[in-house]
Ligand SMILES: Nc1ncnc2c1ncn2[C@@H]1O[C@H](COP(=O)(O)OP(=O)(O)O)[C@@H](O)[C@H]1O
Ligand SMILES: [Mg+2]
């Protein structure tokens, strides 16, 4: 009997699921080591607590009904025996848990206990979100390709005819014709963004000198850069930065990030830092730091979504292109931002060795 007991105990202690036992009086009777690890609370802080006090340890916000609601429901037999909930750990981190529950009879007249078995599925949830996002991007890409294709022909006709009219109309109508041309130009930009968006294959990869690529991209942005009131500071690595990829796709990444920074500097002074370096692990890092408007926490969660834009006339495709292209190059994008302070975008591409290793 004693042997069995310690055997069961060691199973409970070594499992990677959190196990919490609540007795019929609604008091926490036992927790295992994983519960301590996952929540940050020690056994002493949890054992003997009344369910409602216990639950209060994990609430995300005061007055939030969920966990309490579930537990009370369980006691009254109203709830299903499996549910997902977010909870807050002692250090304030919000995690995602999957809970399974069961009632266990203690035998004799000793009543029964409620056993909660919880798995921390935070990471799984994050992956799930990434997959949903990727799928969304893919189907939008197909849709976008179709629209862009159909828009191109009528657009060419409109622009060409408007140009022709310009030489024929008098001053009175010139403004109207110019408006047509401006409108057509805006559509052209949208179609261009949609087309790059839709181009999923990174056809033709080559070794690209990333510093050179930046110099080229800056030429494309020449006009925007001159127009602004900021300083553009260039810190290019003296190392030879070789990225294996598609030249024009990579150019899109650089142009979009710098252009966004330029636009964020509208009406502000300060600097935009464009920097490259070779990381110690051989990966190539490219970063754009601005002292522009910054991005609110709420928007930060959405900036990579296709068509999300806070700009008048923005297409909202720039960053989703950046993310897609970077992913296609097995790179990573990171962003840090503070409203009123500025924004940092960091893109990292695999190094020469990483690429060669994966070839066979
Ligand atoms: N450097 C930046 N500073 C501030 N906001 C930015 C920056 N880069 C991107 N954003 C925000 O992300 C949104 C999406 O960017 P993007 O996909 O390039 O679309 P667009 O530039 O057409 O709006 C922008 O509308 C803006 O709100
Ligand atoms: Mg943009």
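Values in this text are rule-based calculations from the coordinates and carry no lab data. All values reported here derive from a predicted model rather than from experimental measurement. Note that each Cβ is placed from the backbone with ideal geometry, even for glycine, and that neighbours are counted across all protein chains shown.
Arrange 120, 290 by Cβ neighbour counts within 10 Å, fewest through most, would you?
120, 290
Take 142, 195 and order them by how many other Cβ atoms sit within 10 Å, fewest up front. Present the calculation step by step, with values, prior to reporting the outcome.
On the way: 142 10, 195 17.
Ordered by Cβ neighbours within 10 Å, fewest first: 142, 195.
Once you have the Cα-Cα distance between residue 11 and residue 307, take 0.36 nm times their residue separation minus that, and quote the gain in nm to one decimal.
101.5 nm
Take the Cα atoms of the chain, find their three principal axes, and give me the spread along each one in whole Å, biggest first.
101, 51, 43
Which of 297, 305, 13 moves the most in a Gaussian network model of the chain with Cα springs under 10 Å?
Result: 13 has the largest fluctuation of those listed.
Quote the relative contact order of the chain in percent (integer), defining contacts as alpha-carbon pairs under 8 Å separated by 6+ residues.
So the answer I get is 10 percent.
Take every Cα pair under 8 Å in segment 2-120 that's 6+ residues apart, average their separations, divide by the length, and report that relative contact order as a whole percent.
26 percent.
Using a Gaussian network for the chain with springs between C-alpha atoms less than 10 Å apart, which of these wobbles most: 217, 42, 261?
In the Gaussian network model the winner is 42.
Quick check on the chain: helices-only [θ] at 222 nm, where DSSP H runs of length 4 and up contribute -39,500 (n - 2.57) each and the sum goes over total residues. Nearest 500, please.
Rounded to the nearest 500, the figure is -15000 deg cm²/dmol.
Where in segment 335-360 does the label zone of residue 206 land, with the point 7 angstrom along Cα→C-beta and an amide N cut-off under 20 Å?
Once the point is set 7 Å along Cα→Cβ of residue 206, 350-353, 355-356 turn out to lie under 20 Å by backbone N, inside segment 335-360.
Using 0.36 nm times the number of residues separating residue 82 and residue 299, minus their current alpha carbon distance, what extension gain do you get?
Net length gain for the segment: 74.8 nm.
Enter the Cα centre distance for the pair segment 99-131 and segment 303-324, rounded to the nearest angstrom.
For segment 99-131 versus segment 303-324, the Cα centre distance is 40 Å.
Between residue 356 and residue 179, what is 0.36 nm times their sequence separation minus the Cα-Cα distance? Round to one decimal in nm.
58.5 nm
As I understand it, the value is the acute angle between the Cα axis of helix 2-14 and the longest principal axis of the Cα atoms of the chain; what does it come to in degrees, rounded to 10?
So the helix axis and the longest Cα principal axis differ by about 10 degrees.
Which of these, 108, 292, 170, has the largest mean-square fluctuation under a Gaussian network model of the chain (Cα springs below 10 Å)?
Comparing 108, 292, 170 in the GNM, the peak value goes to 108.
Over segment 121-200, calculate the relative contact order: mean separation of alpha carbon pairs under 8 Å at least 6 apart, over the residue count, as a percent.
48 percent.
What fraction of the DSSP beta bridges in segment 202-360 is antiparallel, stated in percent and rounded to the nearest 5? Before the final figure, lay out the partial values.
Values: 25 of 30 bridges.
Here the antiparallel bridges make up roughly 85 percent for segment 202-360.
Output the 0 to 90 degree angle, nearest 10, between the alpha-carbon long axis of helix 122-166 and the longest principal axis computed from the alpha carbons of the chain.
Between helix and principal axis, roughly 20 degrees.
Taking neighbour counts of Cβ atoms within 10 Å as a proxy for exposure, in what order, fewest first, do 273, 323 appear?
With the sparsest Cβ surroundings first, the list reads 273, 323.
Of the beta bridges DSSP finds with both residues in the chain, what % are antiparallel, to the nearest 5?
Roughly 90 percent of the DSSP beta bridges within the chain come out antiparallel.
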